[in-house]
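Report on the following structure.
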Amino acid sequence: MADTIHTKIEFFQDEGGKASTDSGYTVNILGGENSARPYELLFMALASCLYSTFEDVYKKKRLSCDSVSVEISGEKREEVPKFLKVCDVKFTVKAADKQSGFEKSFELACKYCSIYQTVTMVAEMRTEILFID
């Protein structure tokens, strides 16, 4: 049986909306300074899915790191519909050694992350992995 995903968003006149998930998470949407915009939500989904896949891969390789920071930015095209044209993904890994293992893990994560692969259907993906001590 296929995995099912469900979210509900309730919109309020001129105030944005509130999204909720079955797991109880909520986020404000389109409501000003304390809410997320659609592409911010997309980038958060991409970052979390890509990191989760990356983590699965590097742990299978018996690698460990102190932390990983993910930054995503993008550029929309000028024409309507203004879908994503370019997406830049930057991982910064705090790890003492085995950089080549993390690089390969990142490459595999990009290959197997479903949201990453979905975004590649419309945008040029540019990736970078950096290491800090």
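Before moving on, here are some points about what is shown:
- Residue match in the stretch 3-26 (condition: in contact with a strand residue (DSSP E or B) (Cβ under 9 Å, 6 or more places away or on another chain), under 17 Å from Gln117 (Cβ atoms), outside the structural domain of Thr118 (by TED's automatic domain parsing) and not in a strand (DSSP E or B)): yes
- Count of the stretch 64-99 residues which are part of a loop (DSSP other than H, G, I, E, B) and under 12 Å from Val122 (Cβ atoms): 4
- Among the residues of the stretch 2-30, those identified as on the phi > 0 side of the Ramachandran plot and either basic (Lys, Arg) or out of contact with any Pro (no Cβ under 8 Å at 6 or more places or on another chain) (or both) are Asp14, Gly16, Gly24.
- Residue that is nearest to Arg77 (Cα to Cα) [pool: residues in the stretch 97-122 that are more than 14 Å from the chain's Cα centre (by Cα), surrounded by fewer than 18 Cβ atoms within 10 Å (Cβ to Cβ) and hydrophobic (A, V, I, L, M, F, W, C)]: Val122
- Filter result for Phe131 (more than 16 Å from the chain's Cα centre (by Cα) and buried (at least 16 other Cβ atoms within 10 Å of the Cβ)): yes
- Which listed residue, of Val27, Val80, Val70, Val57, is free of Cβ contacts under 8 Å to residues at least 12 places away in the same chain and among the hydrophobic types (A, V, I, L, M, F, W, C): Val80
- Qualifying residue in the stretch 42-53 (condition: within 22 Å of Val122 (Cα to Cα), touching a Ser or Thr at 6+ places or on another chain (Cβ under 7 Å) and modelled with pLDDT of 95 or more): yes
- Among (1) in contact with a Phe, Trp or Tyr (Cβ under 8 Å, 6 or more places away or on another chain); (2) at pLDDT below 95 - the single one Ser100 does not satisfy: (1)
- Residues (outside any helix (DSSP H, G or I) and of a type in the set (Ser, Thr, Tyr)) located in the stretch 27-54: Ser35
The values are calculated or read from the model by the stated rules, or taken from the named source; none is laboratory data. What you see is a predicted model, and the numbers here were worked out from it, not measured in a lab. Heads up, the Cβs are rebuilt from the backbone with ideal geometry, glycines too, and the neighbour counts pull from every protein chain shown.
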